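Note sheet for the following structure.
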Amino acid sequence: MKILLITIDFPLPMNAGGVARCLGIAEALAAAGHDVHMLAKLREADTPPALVDELSATLGGAPVEVFSASHFPPPAGAAKSAGRWAYAIGTRTPPWVWTAYSRTLAARARALAPEFDVALLMDDHAHQYAVDLRGLIPTVLDMQNVFAASWNNTNHFGGESPSLPAKAMQRLAYDLIVRWERRVGAAADAVIVTSADEATRFRQHYGRTVDWVGSSITTPPLVADPRHAAPHVVWLGDHRYHANVSGLVRFLRDGWRPLGERGLRLQVVGREPGDEVLALAAELPGVDVLGFVDDLDALLADAAAAVVPVWKGAGIKMRTLVMMGGGLPVASTTVGMEGIAAVDGEHARLSDDPAGLATAVGDLVADRERAAALGLRGRQLILDHHTWDGVIGQIEAVLGRVARNRS
């Protein structure tokens, strides 16, 4: 097939879960022999041309066209913020969608569309291009989160004790999300979500059955050796995602202190840590905020365990796959393990209580032999069910179906 790939997040460097899924799918489709062509909006204005060349080489020499940042910059100041929200209300579209949107990319996609069999829109905010491409080419949305389902389990405005105006903003944003998600879903020929739970959520909100393909990773090397590692525990995540931060803060406040006092160290890895996390790290024993690290494999090799303390959000967590795939024993909440058929005590340790999660982490560090065996069983679960080589056929089947149907 000739497949047009569209993303609003240029996937290199691979430093976030969303771009990891985007790159994994694109690379697997190219490796399977499909003729792919990528249109990508740059995340950073100073992205070097060498990274564009590297991505093209990763995709077997496929064309990669990049586009500059949006004509709708992030709000700055009260007046600009009000203007963005007014535009969002008028267009029934969340303001952050327009922040990520490129008119130039949209025009190029429309021009290329007749040459391709199908278009795959590879991250959530890229789904706006389904409206631009309607009637020109069969389109498939790869939906990493059903936003309408996950939005209301976190206070995006006003923190844990929102004011009445903050609650009103929360409701307004939710209404815009529902309207937009319904519209782009209707414009597409198929929708892929990341788990059976997410497929149920989509059906409950929009009355439509969708395909699901679990998130996966490139077949990982075995890097962890918890029997001989330092008493380090890894937390991995993007601090710009609310569910990551709220979960980390809850775990730090309600679970971590006894472990830190025992000499364990929590290595908090991820870009742009915020003030609340930095303040707690300064207050609690044994917390190291590392920010972004270049060599994640080396970090995992020097760790005894990992923790995924997330109580909000939905879909498969790429960080869970990465850490389990590397052989590191993981303690997680059930939300952090969504879409992964892990059995407590067999493939990972599971607890939905911060203190219970801390106990699980402490057990993993205390009994290294048992933890190492659990880590290997968890890794095998990922190898069996969550590598792109193993699941790309499911995505190919969806793409082929919509291309044939349109023909």
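The values are calculated or read from the model by the stated rules, or taken from the named source; none is laboratory data. Quick caveat: nothing in here was measured; it's all calculated off a predicted structure. A quick note on method: Cβ atoms are made from the backbone with ideal geometry, for glycine too, and the neighbour counts reach across all protein chains shown.
Considering ASP297, ASP275, the condition of being assigned by TED's automatic domain parsing to the domain that holds VAL343, on the phi < 0 side of the Ramachandran plot, of a type in the set (Asp, Glu) and more than 21 Å from the chain's Cα centre (by Cα) is satisfied by ASP275 alone. For segment 324-346, filtering for residues that are crowded, with 19+ Cβ neighbours inside 10 Å and either in a helix (DSSP H, G or I) or over 22 Å from the mean Cα position of the chain (by Cα) (or both) leaves 2. Just so you know, in segment 24-43 the residues that are part of a loop (DSSP other than H, G, I, E, B) and touching a residue at least 24 places away in the same chain (Cβ under 8 Å) include one that is surrounded by the most Cβ atoms within 10 Å (Cβ to Cβ), and it is HIS34. Filter segment 233-256 down to the residues that are over 22 Å from LEU328 (Cα atoms) and out of contact with any helix residue (DSSP H, G or I) (no Cβ under 8 Å at 6 or more places or on another chain), then identify the one that is surrounded by the fewest Cβ atoms within 10 Å (Cβ to Cβ). Among those residues, the one meeting the criterion is ARG240. Within segment 293-319, residues that are aromatic (Phe, Trp, Tyr) sit with their Cβ atoms under 7 Å from residues that are crowded, with 19+ Cβ neighbours inside 10 Å and assigned to a loop (DSSP other than H, G, I, E, B), at 6+ positions apart or across chains, in these pairs: TRP311/THR333; TRP311/VAL335.
Of the helices (runs of 4 or more DSSP H) that lie entirely inside segment 211-314, those containing 2 or more residues that are closer than 23 Å to HIS386 by Cβ and not small (Gly, Ala, Ser) span 296-301. Would you check if there is a residue in segment 130-140 being assigned to a helix (DSSP H, G or I), out of contact with any Lys or Arg (no Cβ under 9 Å at 6 or more places or on another chain) and either in contact (Cβ under 8 Å) with a residue 60 or more places away in the chain or surrounded by fewer than 21 Cβ atoms within 10 Å (Cβ to Cβ) (or both)? No. Look at (1) out of contact with any helix residue (DSSP H, G or I) (no Cβ under 7 Å at 6 or more places or on another chain); (2) of a type outside the set (Lys, Arg); (3) not in a helix (DSSP H, G or I) and you find that LEU376 fails only one, number (3).
Residues that are under 17 Å from HIS347 (Cβ atoms) and in contact with a strand residue (DSSP E or B) (Cβ under 7 Å, 6 or more places away or on another chain) within segment 364-373 comprise LEU364, ALA371, listed in sequence order. Scanning segment 50-64 for residues that are assigned to a helix (DSSP H, G or I) and either surrounded by 16 or more Cβ atoms within 10 Å (Cβ to Cβ) or without any contact (Cβ under 8 Å) to a residue 40 or more places away in the chain (or both) turns up ALA50, LEU51, VAL52, ASP53, LEU55, SER56, ALA57, THR58.
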